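Colleague: Structure in C-alpha cells, see below.
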Amino acid sequence: GAFNEFNAERAKAGEQTFANPRNGAAGTLKQLDPKVVAQRGLAFLAHSIGEMSDSIASRASEVFEKFEQWGVPVSRGMQVCDDVDAALGIIDDWLRRRGEVDYATDGMVVKVDELALRDELGATSKYPRWCIAYKYEAEQAETTLKEVEMQVGRLGTITPVAHFEAVQLSGTTVTSATLHNFDQVERLGVRVGDRILVEKAGEIIPQVVGVVHEKRPKNTKGIRPPRKCPSCGGETARDAGGVYLRCVNPECPAQLRERLKFFAGRNQMDIDHLGDKLVDQLVDEGLVEHFADLYKLRKDDLVALERMGEKSAENVLAAIADSKDRGLQRVLAGLGIRYVGNRVAEVLAQPFDHIDDIAAADREQLEEISEIGPTIAAGLRQFFDSPQGRDA
C-alpha cells in the first residue's frame, strides 16, 4: 500500500528506503514539517485507551464504540467474548483471515473488557495484568548463508551476524540476521555456504533458526569464535558461566560507537539530531572519546565534518545542551552499565543526589538499596572502577 509506494519513490530519488512500516512510521513522525508527514500516507487504528480525566463508559468495548462514533478509526477485528474458548476460537479464525487486511499482524491481544477489573488487577513495573498477547508462529524462509560478520556491541559482546541471499519475510526483504552467540552457532551446526532457515522473532527481528542439512553443499566453511576483537584487535574472553564472548579492551572504538549511540537514544538522553552516522564521524575524527566529550563540542568541530552545515551544527549543539536537563536517572540508564536499565536507574536515582555519590558507594552500601542485589552492585562497582567508568 502506501508504504510500498513511498519506498518506491525514495528508491527512485536515490534515497535510502525504510526496512519496514514500523521504521517508516517512526521516521515520519520525527519530521518537523507537517507537510512532509501528510505526504507519506500514514494510517492509524486506535487499539488502546489512554489517560481519561472522566470515565465515558464502564467497558473498553463501549469506549471503542464511542471512538467509532466520533470518527476515530478502530480495528474491525475487535470482538467481545464470553469465555476463553470463544477467545481461542477467534484467535484460530484470525490466523486464517489475517491476510485479508492490508497491514501485517503477528498475533492477537486478549484483554479484560470491564475497566474496573483492569484497575483491580493492576500492573507490574513492566506489564499490565489484565491483558496477554498470543503470538502466531513466525513465517520462515529458506536461503543460502553467504558470510558471517562479527559485530561488537556497547558492552563488548561479539555477536556473529549472518548475511544471506535476500528473502521475503512478513512483507519485507531480509538479507541479514543474528546468530546470537557461538553456542548457538554450535547448536545449529551452521556453516558458511549452508542452506538455512530464517524467521522473524515477533515478526520484527530476523534470526537464523535452522540448517537444511540434507541440502548442504560441498566446501562449506566453519564459523569459529575470534581470538581477537574484530574492531580493535584486543583480547577476548567468555563470560564466566555464560555464553557471550566479549572484547575486554575498554578503549575499543566499536564499543565506544555503540555506547554513544545508546547514550543518545530516546529512552536515555534523547539527543535529537545525533544519529548513527554522526556518531561514527565524531569517533573517526577523534572528536569524542568519552561521553563528556559530547558536551565539549564546538560549532567549528561539527561544521568541519562531511555534509554538516552551520544550521545542522547549531541543531546538534542545541540538542546536546537540552540533554543536560534529563536528570540522574536518564544519565545512569544511558551510561550502558551492565545490568542497569531504566528501572534500576530509577531505583538508584532515589537515594543518591549525584552520580559521584554512586561512584563512591561500596558494594555493601549499594546492596542495602531495595531491588539492588549482589549482581547489580558488582556491575556498578566494575563500571566505576574501570577506566571507562572513571572517564565517563
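Colleague: In the chain, carbon and sulfur make up what percent of the accessible area (probe 1.4 Å)?
Modeller: Roughly 48 percent, rounded to a whole number.
Colleague: Averaged per residue, what accessible area in Å² does the range 133-279 show with a 1.4 Å probe, protein chains only?
Modeller: Normalised by residue count, the accessible surface of the range 133-279 is 52 Å².
Colleague: Right, something else. Calculate the FRET efficiency for Asp85 and Asp119 from the Cβ-Cβ distance with a Förster distance of 35 Å, rounded to the nearest 0.05.
Modeller: E between Asp85 and Asp119, to the nearest 0.05, is 0.85.
Colleague: In terms of Cα to Cα distance under 18 Å, which aspartates and glutamates are near enough to Lys111, apart from those fewer than 8 places away along the same chain?
Modeller: Correct list for Lys111: Glu51, Glu62, Glu65, Asp82, Asp83, Asp85, Asp92, Asp93, Asp119, Glu120.
Colleague: Now for a separate question. Return, ordered by residue number, the residues of the range 338-360 whose backbone nitrogen is under 20 Å from a label point located 7 Å along Cα→Cβ of Ala240.
Modeller: Counting backbone N atoms under 20 Å from the label point, the list is 338-340.
Colleague: Taking the Cα of Glu165, stepping 7 Å toward and past its beta carbon, and measuring to each backbone N in the range 201-232: which are under 18 Å?
Modeller: What the label zone holds, given the 18 Å backbone N cut-off, is 208-221.
Colleague: Counting other Cβ atoms within 10 Å, which GluC sites (Glu not before Pro) in the range 299-392 have at most 11 and lie in a DSSP loop?
Modeller: In loop regions of the range 299-392 (DSSP not H, G, I, E or B), the sparsely surrounded GluC sites (Glu not before Pro) are Glu306, Glu368, Glu371.
Colleague: Next up: Using DSSP loop states and a limit of at most 15 other Cβ atoms within 10 Å to flag trypsin sites (Lys or Arg not before Pro), what is the longest stretch of the chain containing no flagged site?
Modeller: My reading of the result: 130-217 is the longest stretch.
Colleague: Check each of the GluC sites (Glu not before Pro) in the range 112-217 and keep only those in coil by DSSP with at most 11 other C-beta atoms within 10 angstrom; list them in order.
Modeller: Answer by residue number: Glu137.
Colleague: I would also like to ask the following. Before rounding to the nearest 500, sum -39500 (n - 2.57) across all DSSP H runs of length at least 4 in the chain and divide by the residue total; then give [θ] at 222 nm in deg cm²/dmol.
Modeller: -10000 deg cm²/dmol
Colleague: Send over the per residue convex hull volume for the range 140-191, Cα only, as a whole number of Å³.
Modeller: Here the figure is 88 Å³ per residue.
Colleague: For Lys311, go through the lysines and keep the ones whose alpha-carbon is under 30 Å away, minus same-chain ones fewer than eight residues off.
Modeller: Lys12, Lys30, Lys35, Lys261, Lys277, Lys296, Lys299, Lys324
Colleague: State log₁₀ I(q)/I(0) for the range 37-185 at q = 0.10, 0.18, 0.19, 0.20 Å⁻¹ as given by the Debye formula over alpha-carbon point scatterers of equal weight, solvent excluded.
Modeller: Reported log10 I(q)/I(0), two decimals: -0.60, -1.16, -1.21, -1.26.
Colleague: Which loop-located GluC sites (Glu not before Pro) does the range 1-61 contain, where loop means any DSSP state but H, G, I, E or B and the Cβ has at most 11 other Cβ atoms within 10 Å?
Modeller: Glu15, Glu51
Colleague: Whole percent per 10 Å bin, from 0 to the bin with the longest distance: what is P(r) over all C-alpha pairs of the chain?
Modeller: Binned Cα distances yield the sequence 4, 16, 23, 28, 22, 8, 0.
Colleague: Could you check the spin-label model distance between Asp362 and Ala321? Points 7 Å from the Cα along Cα→Cβ, value in nm.
Modeller: 4.4 nm
Colleague: While we're here: Modelled label-to-label distance, Tyr134 and Gln184, 7 Å Cα→beta-carbon offset: nm?
Modeller: The modelled label-to-label distance comes out at 2.8 nm.
Colleague: If the rule is a partner Cβ under 4.7 Å, which cysteines in the chain fail it?
Modeller: Cys81, Cys131
Colleague: Moving on to the next point. Hey, what does the equivalent ellipsoid look like for the range 278-380, semi-axes from the Cα gyration tensor as sqrt of 5 times each eigenvalue, largest first, whole Å?
Modeller: 34, 13, 10
Colleague: Using alpha carbon centroids, what distance separates the range 323-344 and the range 139-214, in Å?
Modeller: Using only Cα atoms, the two centres lie 31 Å from each other.
Colleague: Let me ask something additional. In whole angstrom, and with the biggest value first, how far do the Cα coordinates of the range 173-213 range along each principal axis?
Modeller: The Cα atoms of the range 173-213 stretch 24, 19, 13 Å along their principal axes.
The values are calculated or read from the model by the stated rules, or taken from the named source; none is laboratory data. Keep in mind that what you see is a predicted model, and the values were worked out from it rather than measured. Cβ atoms come from the backbone with ideal geometry, glycine included; neighbour counts cover every protein chain shown. To get the accessible areas, we keep the full protein, side chains included, count just its heavy atoms, and leave off ligands, DNA and RNA. Shrake-Rupley method; radii C 1.70, N 1.55, O 1.52, S 1.80 Å.
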